[in-house]
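The values are calculated or read from the model by the stated rules, or taken from the named source; none is laboratory data. Note that the structure is predicted; figures quoted are calculated from it, not measured. As a convention, Cβ positions derive from the backbone with ideal geometry for all residues, glycine included, and neighbour counts pool all protein chains shown.
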Amino acid sequence: MAVITYREALRAAMREELKRDDKVVLMGEEVAQFNGAYKVTEGLLKEFGPKRVVDTPISEAGFIGLGIGASMLGIRPVMELMFWSFSYVAFDQIVNNAGNIRYMSGGLINCPIVIRGPANGGTNVGATHSHTPEAILASHPGIKVVCPATPYDAKGLLKAAIRDNDPVYVMENTILYNDKGEVPDEDYIVPLGVADVKREGADLTIVAHGRAVITSLKAAEVLEKEHGVSVEVVDLRSIRPLDEETILASVRKTHRALLVEENKPFCGVDAQVAYLIQSKAFDELDAPIHRVSSIDAPQIYCKRLEDQQLPDVNRVVREALKVLA
Amino acid sequence: MAKPAVLTHPESLKRPAGPSEYAKDPVNASMSKAEKIALYTKMARIRHFEQRCIRIYQQGKIGGFLHLYVGQEAVAAGTISLLGKHDHIITGYRDHGHGLMVGMGMNECMAELTGRVTGCSQGKGGSMHYFAPDKNYWGGHGIVGGQAPLGTGLAYAVKYMGLKGSCLAYMGDGAVNQGAVHEAYNLAALWDLPMIFVIENNGYSMGTSQERSTAHPGCLAKRAEGYGMAWDVINGHDVYEVRAKTAIALKRAHEESKPTVLEIFTYRYFGHSMADPDKTYRDKDEIKEYRDKKDPVLLFEQELLREKILTPELSQEINDAAMAEADKAAVFADESPDPTLADVTKHIYWEEDNRGPDTTSRGTIIFE
């Protein structure tokens, strides 16, 4: 088992899938000659050539739409968005076309396309480049969304996404790209819709996804060391499909839930998770559910404040203690 | 805006309609009598299908929007009659004519309009969303211009797989101002895709005339020059001219893998959709002028009568049969069952519809 970065894990997933299936094509801005704006695709042009690894113009509606059209004929495009924030200029393609064509054709067509790239704040780049659209996109039936938090999950989920016959949108995080973790050498996938208990505990369940998982794990350590509380951290990994059973099983064990995400609070992923818990495990709860989200404002540029706008360890600990009170 | 000094319109449109100047073009001259009659029959079938739709709509049996193709038949008929095994098509929401041309049946098309499970999309798409991928027909798209990038993707896939084919992406004149269309133009030209963009210019983007919507250098197709693409203008009332000029673009796609923009001048007799009372933006005289003098079905009928391929009796027979077929389809659409409530949540995800040992996803994907 090798220890590699989140970035290398994504690259390994693409390399293995490019080798496995000659219908897999990588496309995006700067993915080939430039070696990737965030170096995720570094070296893949050299290894696979310009037919398989393709630079596109800055033209998201055009090239994402092209990928969707190609997928209808059986090509398996893996499209990189330099930022998921840029998906907003391609929204019609991403939602109306990729998300609806199977349904509107009565099941005659499917779009085996992957769109991937970073979707996170916290990088001091202002509001236009800091969107986290997982909840927005997952609210559309026809679309799948995953948010890996670790190198293992990044590789396994991306490989599953590429083999999946529906549109799967993989939302990464630039702050995690250099995080290291153990990744098996042999072929594996992480199926979509399977959450992972990243830390077992008895007193409180924290449900999180993406980088909020890492923040929550740190908070869990503080809670244990400084407050003697045993915290279970459930990493959703996949937003749609959603592993409801793992969330409910954890809540049935701890009877208390704190939901942490880097989205803004209104209609965030955790609004759905909170509804799920009250709907299917209301009698199990010993305290109201609490949430920690980003402070509800467009992403602020000022780095000192942006770090506080996102959920941090202190805020998670503080809110956890309220649930435990 | 200053009007362009010179309008770049098809030469044949500047003269009164008469015998087609393109009858002797090899692509038309090489057609057998049976092929010509079949082409006329298909145009007549589109005409009668659409006219039958009006009655059903007026009876309140068709919901949503209904965009009719009456007047534009020669565009779909001329272009699609040239296509082979690896040529694909995609269009906007005025999509019935293309569907019938690729060989979809009147029954499945009509039943889709009334929202029946026997419809081509099982009642899930409606008028704007016909699909027949087995016939290389990829829709049927509701958002103006949104199909253009998808079309470039089909052309890209054809080229990637090393096939000698193409994609024809149809759009209306209103679509040419959408950014997605320009992005598709750029990609098609940049990557040498075997692509034909077909602008079906009926003069009006909904209720806004071309003069009030579009800055252009003489015609809409000429914008292709900005992308280094070939272009042509076509008289869309003459199916022979449509075939002759489209054949050149198709050859360019097949043999050079180069894109073309074709602007086909046509006209719709009814409103933008049935929801458009058609009273505010054009004269009835204008519609009458087109109906009387440039009707594409009538002109082709006259052409074939002159060629002694068609007789008045045979024409009557063809039209009667098309009307009877449309009537039967209307009954079929009326009597077919609706999809069930359980069908509402089917055909959302391939992996859910085809669960097996290799299924890559688990968990809850349809929510309460």
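Is it the case that some residue within the stretch B:68-82 is buried (at least 24 other Cβ atoms within 10 Å of the Cβ), touching a His at 6+ places or on another chain (Cβ under 7 Å), of a type outside the set (S, T, Y) and more than 20 Å from B:L150 (Cβ to Cβ)?
Scanning the stretch B:68-82 turns up at least one residue that is buried (at least 24 other Cβ atoms within 10 Å of the Cβ), touching a His at 6+ places or on another chain (Cβ under 7 Å), of a type outside the set (S, T, Y) and more than 20 Å from B:L150 (Cβ to Cβ).
Under 6 Å by Cβ, and 6 or more places apart or on different chains, what pairs join a residue from the stretch A:159-171 that is more than 9 Å from chain B (Cβ to nearest Cβ) with one that is of a type in the set (D, E) and crowded, with 24+ Cβ neighbours inside 10 Å?
Final answer for the pair search is A:M171/A:E134.
Run down B:E21, B:E108 and say which single residue is surrounded by fewer than 24 Cβ atoms within 10 Å (Cβ to Cβ), among the acidic types (D, E), modelled with pLDDT of 95 or more and touching a Cys at 6+ places or on another chain (Cβ under 9 Å).
B:E108
Any residue in the stretch A:47-67 that is away from chain B (no Cβ under 14 Å) and at pLDDT 95 or above?
Yes - at least one qualifying residue is present in the stretch A:47-67.
One line per residue, one yes/no per condition, for (1) more than 14 Å from chain B (Cβ to nearest Cβ); (2) in contact with a helix residue (DSSP H, G or I) (Cβ under 7 Å, 6 or more places away or on another chain); (3) surrounded by 15 or more Cβ atoms within 10 Å (Cβ to Cβ); (4) closer than 24 Å to A:Q308 by Cβ:
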position	(1), (2), (3), (4)
A:V222	yes, yes, yes, yes
A:V233	yes, yes, yes, yes
A:I239	no, yes, yes, no
A:L242	no, no, yes, no
A:A249	no, no, yes, no
A:G268	yes, yes, yes, yes
A:A274	no, no, yes, yes
A:A281	yes, yes, yes, no
A:A287	yes, yes, no, no
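For B:T79, are the conditions met, namely being away from chain A (no Cβ under 14 Å), farther than 19 Å from B:K42 by Cα and touching a Ser or Thr at 6+ places or on another chain (Cβ under 8 Å)?
no
Quick test of your reading of the structure: B:E289 fulfils all but one of (1) closer than 28 Å to B:G203 by Cα; (2) touching a residue at least 60 places away in the same chain (Cβ under 8 Å). Name the failing condition by number.
Condition (2) is where B:E289 drops out.
Inspect the stretch B:73-82 for any residue being modelled with pLDDT of 95 or more, assigned to a loop (DSSP other than H, G, I, E, B) and among the charged types (D, E, K, R) and give the result as yes or no.
Checking the stretch B:73-82: not a single residue is modelled with pLDDT of 95 or more, assigned to a loop (DSSP other than H, G, I, E, B) and among the charged types (D, E, K, R).
Which of the residues spanning the stretch A:84-116 are surrounded by 24 or more Cβ atoms within 10 Å (Cβ to Cβ), touching a helix residue (DSSP H, G or I) at 6+ places or on another chain (Cβ under 9 Å) and over 25 Å from B:G165 (Cα atoms)?
Across the stretch A:84-116, the qualifying residues are A:W84, A:S87, A:A90, A:I94, A:V114, A:I115, A:R116.
Looking at (1) of a type outside the set (F, W, Y); (2) assigned to a loop (DSSP other than H, G, I, E, B); (3) under 28 Å from B:Q210 (Cα atoms), which one does B:I46 not meet, given that it meets all the others?
Condition not satisfied by B:I46: (2).
Within the stretch B:209-248, how many residues turn out to be part of a helix (DSSP H, G or I) and either of a type in the set (F, W, Y) or surrounded by fewer than 20 Cβ atoms within 10 Å (Cβ to Cβ) (or both)?
11
Would you confirm whether any residue within the stretch A:34-45 is closer than 22 Å to B:K159 by Cα, in contact (Cβ under 8 Å) with a residue 12 or more places away in the chain and surrounded by 20 or more Cβ atoms within 10 Å (Cβ to Cβ)?
Scanning the stretch A:34-45, I find at least one residue that is closer than 22 Å to B:K159 by Cα, in contact (Cβ under 8 Å) with a residue 12 or more places away in the chain and surrounded by 20 or more Cβ atoms within 10 Å (Cβ to Cβ), so the answer is yes.
Answer yes if at least one residue in the stretch A:220-234 is outside the structural domain of A:V168 (by TED's automatic domain parsing), of a type in the set (S, T, Y), more than 18 Å from the chain's Cα centre (by Cα) and farther than 22 Å from A:Y169 by Cβ, and no otherwise.
yes
Consider A:D270 carefully, then state whether it is within 30 Å of A:T128 (Cβ to Cβ), assigned to a loop (DSSP other than H, G, I, E, B) and of a type in the set (D, E).
For A:D270, the condition - within 30 Å of A:T128 (Cβ to Cβ), assigned to a loop (DSSP other than H, G, I, E, B) and of a type in the set (D, E) - is not met.
If you scan the stretch B:94-120, which residues turn out to be assigned to a helix (DSSP H, G or I), farther than 11 Å from B:Y69 by Cβ and not hydrophobic (A, V, I, L, M, F, W, C)?
Residues satisfying the conditions are B:N107, B:E108, B:E112.
Mind checking which residues of the stretch A:188-209 are touching a residue at least 40 places away in the same chain (Cβ under 8 Å), within 14 Å of chain B (Cβ to nearest Cβ) and not hydrophobic (A, V, I, L, M, F, W, C)?
Across the stretch A:188-209, the qualifying residues are A:G193, A:D196, A:H209.
Listed here are the residues, each with its yes/no results for (1) at positive phi; (2) charged (D, E, K, R).
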residue	(1), (2)
A:F48	no, no
A:E80	no, yes
A:G107	yes, no
A:C111	no, no
A:I143	no, no
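Can you pull out the residues in the stretch A:224-259 that are touching a strand residue (DSSP E or B) at 6+ places or on another chain (Cβ under 7 Å) and within 21 Å of A:G142 (Cα to Cα)?
If the condition is that a residue be touching a strand residue (DSSP E or B) at 6+ places or on another chain (Cβ under 7 Å) and within 21 Å of A:G142 (Cα to Cα), then A:L236, A:R237, A:S238, A:I239, A:R240, A:P241, A:L242, A:E244 are the ones that fit.
Look at the stretch B:327-368 and say how many of its residues are outside any loop (DSSP other than H, G, I, E, B) and either touching a residue at least 24 places away in the same chain (Cβ under 8 Å) or more than 13 Å from every other protein chain (Cβ to nearest Cβ) (or both).
12
Could you look through the stretch A:120-150, keep only residues that are outside any loop (DSSP other than H, G, I, E, B) and within 10 Å of the chain's Cα centre (by Cα), and pick out the one that is surrounded by the most Cβ atoms within 10 Å (Cβ to Cβ)?
Of everything passing the filter in the stretch A:120-150, A:V146 is surrounded by the most Cβ atoms within 10 Å (Cβ to Cβ).
Across the stretch B:326-350, what is the total count of residues that are within 25 Å of the chain's Cα centre (by Cα) and either crowded, with 18+ Cβ neighbours inside 10 Å or basic (K, R) (or both)?
Selection size over the stretch B:326-350: 6.
Mind listing just one residue for me: the one in the stretch A:70-119 that is charged (D, E, K, R) and more than 7 Å from chain B (Cβ to nearest Cβ) and, of those, nearest to the chain's Cα centre (by Cα)?
Among them, the one singled out is A:R116.
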